[in-house]
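Input: a single structure, listed below in structure tokens.
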Amino acid sequence: IEIPLSRVLSEMEREGFMLDTLGVAKMRDELNLRIAELEKEIHLLAGEEFNVKSPAQLGVILFEKLGLKAGKKTKSGYSTTAEILEKIRYDHPIVDLVLEYRTITKLNSTYCEGLLNAVGDDGRVRSTFNQTETRTGRISSLEPNLQNIPVRRKEGKELRKFFIAKEGYLLVDADYSQIELRVLAHLAKDKAMINAFNSGEDIHTKTAGEVFNMPPLLVTPKMRSSAKAVNFGIVYGIGAFSLAQDIGVTRAEAQKYIDGYFETYPGIKEYMNTAVEQAKKQGYSTTMFGRRRYLPELNSSNGNLRAFGERVARNMPIQGTAADIIKLAMIRTRAKLLESGLDARVILQVHDELIIEAEESVAKEAGKILENEMENAVKLAVPLLVDIHRSKDWYTAKG
């Protein structure tokens, strides 16, 4: 996998991604105006001017002048980390403004300014891709990190509008549908989950129906959302405490959801236990393709470290196998595009998503190749499905 992939990545690094620099510059100017407005509002609520970027000055304002409940005071002053601020978010309107100020300034400096500084003379941004940096085998991206554009906020999502295809070309964006859950169904050999995927059922609705003891037609969006959190949480070894925080229920309710999940998919529970036992015996976890992650934490005398090792032992085979599959898909797609002679090439990978840039007249054909190679990269007990879209910019191509 890795040696053939290095050629794909080197071509991606050379090719780069076209950037609408005027659009990014306009967004930067708009964000600067918003930052200035937020600063004024924060100063007004504080009753004085201070450097909002300074944790020390902010700590004094929040915890001494406004008297908000604080964490511990250290030698360098009060801690004003995001975690601390989230806890006191609703205690005073200034906290929400500070959190927004930080988000917008980071977006502006890291992405708007960062992208404008990184763009080449030809209007394309080129990232560095590391194929063996992460422990699970996932590809990472650096300087600039094109895999980490913060899309949970409207402003972050908008950034994708400025990643465009060059003149006369289109972007084709293909995204694996629930690949980690499909890998989990295959590795765990859980009949109920395999049947759900093979019959085309919506896995989150099915899980919600089973966990809440409700016919699928009566499953509400809130129930489906909670089931989705359980489905993906199980992949990452989530416990009742974390799940309760994620979906806003009591710890007892969260535990009930987890118990209900394991009753619905007993093969998953068995797989999770076996994965930990095997990792303890071998000293490492492994993906379907033999990629290893050594886990000395499993033998640690520190309980927290051991618990971490157990979570990794459950998750690494799933996330690592999914990473291996998309790497195989990249190798196959590149080879097939070259063989076809089409004017199209892979330009970006973002975890479960692949983007190619194709000449307009062949974009549909190139998209079929991309979809076929991704869906047939490997044979699992369940089908691999891909959502695919074509457009001039990444925002629209993402569907």
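Which residues, taken from the stretch 91-131, are surrounded by fewer than 19 Cβ atoms within 10 Å (Cβ to Cβ), assigned to a helix (DSSP H, G or I) and either among the aromatic types (Phe, Trp, Tyr) or touching a strand residue (DSSP E or B) at 6+ places or on another chain (Cβ under 8 Å) (or both)? Selection gives Ala118 alone. Taking the stretch 325-362 as the range and being of a type in the set (A, V, I, L, M), over 27 Å from the mean Cα position of the chain (by Cα) and under 19 Å from Thr396 (Cα atoms) as the test, only Val362 passes. Among the residues making up the stretch 332-355, those that are of a type in the set (A, V, I, L, M, F, W, C) and either within 25 Å of Glu143 (Cβ to Cβ) or buried (at least 20 other Cβ atoms within 10 Å of the Cβ) (or both) are Leu337, Ala344, Val346, Ile347, Leu348, Val350, Leu354, Ile355. A single member of Ala358, Ala329, Ala366 is small (Gly, Ala, Ser), over 23 Å from Ile179 (Cα atoms) and surrounded by 15 or more Cβ atoms within 10 Å (Cβ to Cβ), and it is Ala358.
Looking at the stretch 172-218, which of the residues that are in contact with a Lys or Arg (Cβ under 7 Å, 6 or more places away or on another chain) and of a type in the set (A, V, I, L, M, F, W, C) is farthest from Leu342 (Cα to Cα)? My answer is Ala208.
None of Ala82, Ala70, Ala56 is surrounded by fewer than 17 Cβ atoms within 10 Å (Cβ to Cβ), in contact with a strand residue (DSSP E or B) (Cβ under 7 Å, 6 or more places away or on another chain) and either closer than 25 Å to Ala36 by Cβ or at pLDDT 90 or above (or both) except Ala56.
For (1) touching an Asp or Glu at 6+ places or on another chain (Cβ under 6 Å); (2) among the charged types (D, E, K, R); (3) outside any loop (DSSP other than H, G, I, E, B), each residue gets a yes or a no:
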site: Glu39; (1), (2), (3): no, yes, yes
site: Ile42; (1), (2), (3): no, no, yes
site: Leu45; (1), (2), (3): no, no, yes
site: Glu49; (1), (2), (3): no, yes, no
site: Gly59; (1), (2), (3): no, no, yes
site: Phe63; (1), (2), (3): no, no, yes
site: Gly67; (1), (2), (3): no, no, no
site: Thr80; (1), (2), (3): no, no, no
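Do the conditions hold for Glu373, that is, is it open to solvent by less than 30 Å² (accessible area, probe 1.4 Å), of a type in the set (Asp, Glu), over 27 Å from Pro144 (Cα atoms) and out of contact with any Cys (no Cβ under 6 Å at 6 or more places or on another chain)? Taking the combined requirement at face value, the residue satisfies it. Looking only at the stretch 153-198, residues that are under 17 Å from Phe17 (Cβ atoms) and either among the charged types (D, E, K, R) or not in a helix (DSSP H, G or I) (or both) come to 17 in all. Flag set for Met330, criterion: in contact (Cβ under 8 Å) with a residue 60 or more places away in the chain, in a helix (DSSP H, G or I) and more than 23 Å from Tyr271 (Cβ to Cβ).
Evaluating Val249 against the criteria (1) free of Cβ contacts under 8 Å to residues at least 40 places away in the same chain; (2) within 30 Å of Ser10 (Cβ to Cβ); (3) of a type in the set (Val, Ile, Thr) leaves one unmet condition, (2).
Do we have Arg153 as under 25 Å from Val312 (Cα atoms), among the basic types (Lys, Arg) and open to solvent by 40 Å² or more (accessible area, probe 1.4 Å) here? No. Name the pairs whose Cβ atoms lie under 9 Å apart, with the first residue in the stretch 192-218 and under 12 Å from Arg182 (Cα atoms), the second open to solvent by 30 Å² or more (accessible area, probe 1.4 Å) and of a type in the set (Gly, Ala, Ser), and 6 or more positions between them or separate chains? Partner pairs satisfying both residue conditions: Ile194/Ala381; Phe197/Ala381; Asn198/Ala381. Consider the stretch 247-298 and keep the residues that are among the small types (Gly, Ala, Ser) and open to solvent by 40 Å² or more (accessible area, probe 1.4 Å). The one that is farthest from Leu328 (Cα to Cα) is Ala252.
Highlighted here are the helices (runs of 4 or more DSSP H) found entirely within the stretch 210-303 that include at least 1 residues which are more than 26 Å from Gly320 (Cα to Cα): 221-235, 240-247, 251-264.
Within the stretch 376-399, residues that are among the small types (Gly, Ala, Ser) sit with their Cβ atoms under 9 Å from residues that are crowded, with 17+ Cβ neighbours inside 10 Å and assigned to a loop (DSSP other than H, G, I, E, B), at 6+ positions apart or across chains, in these pairs: Ala377/Leu384; Ser391/Ala165; Ser391/Lys398; Ala397/Ala165.
The values are calculated or read from the model by the stated rules, or taken from the named source; none is laboratory data. Quick caveat, the model's predicted, so the values are computed rather than measured. When we count neighbours, we look across all protein chains shown, and the Cβ atoms used for this are built from the backbone with ideal geometry, even at glycine. Accessible surface areas use protein heavy atoms only, side chains included; no ligands, DNA or RNA. Shrake-Rupley method; radii C 1.70, N 1.55, O 1.52, S 1.80 Å.
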